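Accompanying notes for the structure given below.
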Amino acid sequence: MTTKKPTGKKKQTDANKKEIDKLKKELKEKENKLLLSYADFKNYQKRMEKELIYMQEETKKKYLAELLDIFELLKKANEDNNPKEGLKLIINSIENFFERENIRYIDCVGSKFDHNLHHAVTTIEKNDCEDQTIVEEIKKGYMINDKLLRPSQVIVAKRNEDKEK
């Protein structure tokens, strides 16, 4: 009995089938890794969402506790025969809170108008100072760290060129 030797086409077909099986196996492994990565990412997203909600709640509790202290001081000041002392305590309490939170007042009267820090409510003609100088502060502005919390509302001087000539 003679054994048939595989022909060139048969060898090529067998090699192609082996290669296809190998590639299918690799593809399946990569698909599993991708699914695991996707599941890990979804779990990470859920963890981060929970952590963000927790941080928001903790921050809210922190500020509400401060507000409660101020509220209690206001109630005491209201009941007091001399509320000025209570008001001073409240102002000191708020100033201490601002200091702890790095909130500071923007000193602006006499300085040049800066649209990043100030909101011009109006301008007035004034020739005894430089153009665009802040001459009055309507509402105080504040910074938190190095970021604007609220712009100062100001009145800005504008030189009248006609009157100078």
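The values are calculated or read from the model by the stated rules, or taken from the named source; none is laboratory data. These figures come from a predicted structure and were not determined experimentally. Glycine also receives a Cβ, built like all others from the backbone with ideal geometry; neighbour counts cover every protein chain displayed.
Scanning region 113-129 for residues that are closer than 10 Å to A157 by Cβ and either modelled with pLDDT of 95 or more or surrounded by 12 or more Cβ atoms within 10 Å (Cβ to Cβ) (or both) turns up F113, T123, K126, N127, C129. Determine whether region 106-123 contains at least one residue that is among the β-branched types (V, I, T), in contact (Cβ under 8 Å) with a residue 24 or more places away in the chain and under 19 Å from K147 (Cα atoms). The answer is yes, given that some residue of region 106-123 is among the β-branched types (V, I, T), in contact (Cβ under 8 Å) with a residue 24 or more places away in the chain and under 19 Å from K147 (Cα atoms). Residues in region 54-87 that are surrounded by 10 or more Cβ atoms within 10 Å (Cβ to Cβ) and outside any helix (DSSP H, G or I): D80 alone.
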